[in-house]
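Colleague: Next up is a structure, given as structure tokens.
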Amino acid sequence: MTRKITMMQAINEAMQIAMENDDKVILMGEDIAGGAKVDGFDQEDAWGGVFGVTKGLVQQFGRERVIDTPISENGYIGAAVGAAATGLRPVAELMFNDFIGFCLDMILCQGSKMRYMFGGKAQIPLTIRTTHGAGASAAAQHSQSLYGMFGAIPGVKVVVPSNPYTAKGLLLSAIEDNNLVIYSEDKTLYGIKGEVPEEYYKVEIGKAHIERVGSDLTIVTIGKMLYVGLEVADKLAEEGIEVEVIDLLTVAPWDQETVLESVKKTGRLIVIDEANPHNNTATDIASVIGDRAFDYLDGPIKTVCAPNCPVPFATNLEELYIPNAEKVLKVADELIFDLKKVK
């Protein structure tokens with residue numbers, strides 16, 4: 001049975017189900033249980049983290065499984081790596097992906113490498129939930145999109161859900177995975193609603209979803225860029241151009257075969273990525289497709305990304321920073337001008 005819930009509710013529900021099914025699943029993070037021993041914030045008043053995503057779980061599972069941590073990302077992400085190595089399945093909440101600098105060693109040099117370095121004897125079934133994305137006027141230190149940076153680390157899987165359905169299914173897959181998985185949530189999508197089954201289900205990590213079928217142009221999207229891609233597809237459909245829109249869902253390892261087969265069909269590719277323009281997921285996709293599908297291309301591979309600057313605080317400048325349909329349409333016109341003449 002399905003019903004419409006928000007993306008935030010879907011993420012909360014995934015954690016609830018995972019904790020009901022497996023008592024080795026624990027939650028860790030700052031303020032996720034309301035703040036330990038703070039006047040006025042007992043279990044009933046629990047905040048549920050900076051955005052309230054874990055709200056209600058401490059009442060159901062208690063403070064031994066929903067653990068407030070000190071404001072020390074290096075400390076509790078390291079503790080989560082250790083807990084995973086001993087057999088627990090921690091879900092650690094890193095408020096903003098911008099805080100990765102504090103705990104990078106625990107991810108880059110420890111958690112991601114232990115299974116490899118110990119010949120498979122140590123598994124690290126750790127999920128790190130974090131947020132990314134501009135659009136909330138949270139300024140330069142709370143709005144970056146760093147999923148591509150995480151994806152460059154060997155041994156780390158990175159998923160980026162785009163709607164409530166994929167949010168629940170990907171999180172349940174991440175928690176079941178025996179590797180370190182970064183689960184990156186766009187904070188501006190928390191309020192969107194969509195159909196979500198009540199029961200347990202998984203969305204496969206490493207598998208992209210073709211959101212819209214087309215034959216003239218492939219647009220690959222990440223996270224909320226899906227909605228930009230669909231808006232572009234709607235506008236171009238009015239001119240008789242059929243756009244195939246792919247929701248990547250997993251940044252590492254990304255689904256090369258689905259993108260490759262789509263480009264073989266359409267001959268044209270645009271990748272929309274909210275990250276800064278250099279050394280990001282979009283450039284990686286362009287490199288791989290340029291190598292494996294060069295003979296099928298009818299034009300250059302295009303990327304539409306944020307500019308190479310920090311995220312502005314001013315609302316009008318932040319709007320200019322985020323890739324939008326107008327920017328993608330301008331790029332698309334360069335690729336499909338010959339189709340427009342024909343049609």
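Colleague: With the structure loaded, tell me whether VAL232 is under 18 Å from the mean Cα position of the chain (by Cα), open to solvent by less than 20 Å² (accessible area, probe 1.4 Å) and in contact (Cβ under 8 Å) with a residue 40 or more places away in the chain or whether it fails that test.
Modeller: Answer is no for this residue.
Colleague: Can you name the number of the only condition in (1) within 21 Å of the chain's Cα centre (by Cα); (2) surrounded by fewer than 16 Cβ atoms within 10 Å (Cβ to Cβ); (3) not β-branched (Val, Ile, Thr) that PRO300 fails?
Modeller: (1)
Colleague: In addition: Looking only at the stretch 245-266, decide whether some residue is open to solvent by less than 20 Å² (accessible area, probe 1.4 Å) and of a type in the set (Lys, Arg).
Modeller: Checking the stretch 245-266: not a single residue is open to solvent by less than 20 Å² (accessible area, probe 1.4 Å) and of a type in the set (Lys, Arg).
Colleague: Additional query: Among helices (runs of 4 or more DSSP H) lying entirely in the stretch 234-334, which contain 1 or more residues that are among the hydroxyl-bearing types (Ser, Thr, Tyr) and touching a strand residue (DSSP E or B) at 6+ places or on another chain (Cβ under 7 Å)?
Modeller: 256-266, 281-292
Colleague: Out of the stretch 155-210, which residues are more than 14 Å from ASP247 (Cβ to Cβ), under 11 Å from the mean Cα position of the chain (by Cα) and hydrophobic (A, V, I, L, M, F, W, C)?
Modeller: Once the filter is applied, which keeps residues that are more than 14 Å from ASP247 (Cβ to Cβ), under 11 Å from the mean Cα position of the chain (by Cα) and hydrophobic (A, V, I, L, M, F, W, C), the stretch 155-210 yields VAL158, LEU171, VAL181, ILE182.
Colleague: Let me ask something additional. May I ask you to say which residue of GLY78, GLY155, GLY87, GLY62 is on the phi > 0 side of the Ramachandran plot and without any contact (Cβ under 8 Å) to a residue 40 or more places away in the chain?
Modeller: Only one candidate passes the filter, namely GLY62.
Colleague: Ok, one more. Taking strands (runs of 3 or more DSSP E) that do not extend beyond the stretch 153-226, which have at least 1 residues that are open to solvent by 10 Å² or more (accessible area, probe 1.4 Å)?
Modeller: 156-159, 193-197, 209-212
Listed here are the residues, each with its yes/no results for (1) surrounded by 14 or more Cβ atoms within 10 Å (Cβ to Cβ); (2) within 24 Å of the chain's Cα centre (by Cα); (3) farther than 21 Å from ALA140 by Cβ; (4) not aliphatic (A, V, I, L, M).
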position: SER287; (1), (2), (3), (4): no, yes, yes, yes
position: ASP295; (1), (2), (3), (4): no, no, yes, yes
position: ALA314; (1), (2), (3), (4): no, no, no, no
position: LYS330; (1), (2), (3), (4): no, no, yes, yes
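Colleague: Could you go through the stretch 188-204 and let me know if any residue there is polar (S, T, N, Q), in contact (Cβ under 8 Å) with a residue 12 or more places away in the chain and over 30 Å from ILE77 (Cβ atoms).
Modeller: Among the residues of the stretch 188-204, not one is polar (S, T, N, Q), in contact (Cβ under 8 Å) with a residue 12 or more places away in the chain and over 30 Å from ILE77 (Cβ atoms), which makes the answer no.
Colleague: Which of the residues spanning the stretch 62-113 are part of a helix (DSSP H, G or I) and more than 30 Å from ASN276 (Cα to Cα)?
Modeller: ALA79, GLY82, ALA83, ALA84, ALA85
Colleague: Confirm whether LEU88 is surrounded by fewer than 24 Cβ atoms within 10 Å (Cβ to Cβ) and under 28 Å from LEU320 (Cβ atoms).
Modeller: Taking the combined requirement at face value, the residue does not satisfy it.
The values are calculated or read from the model by the stated rules, or taken from the named source; none is laboratory data. None of the values given here were measured: they were computed from a predicted structure. Because the Cβ atoms are built from the backbone with ideal geometry, glycine has one as well, and the counts that use them run over all protein chains shown. All accessible areas refer to the heavy atoms of the entire protein, side chains included, with ligands and DNA or RNA removed. Shrake-Rupley method; radii C 1.70, N 1.55, O 1.52, S 1.80 Å.
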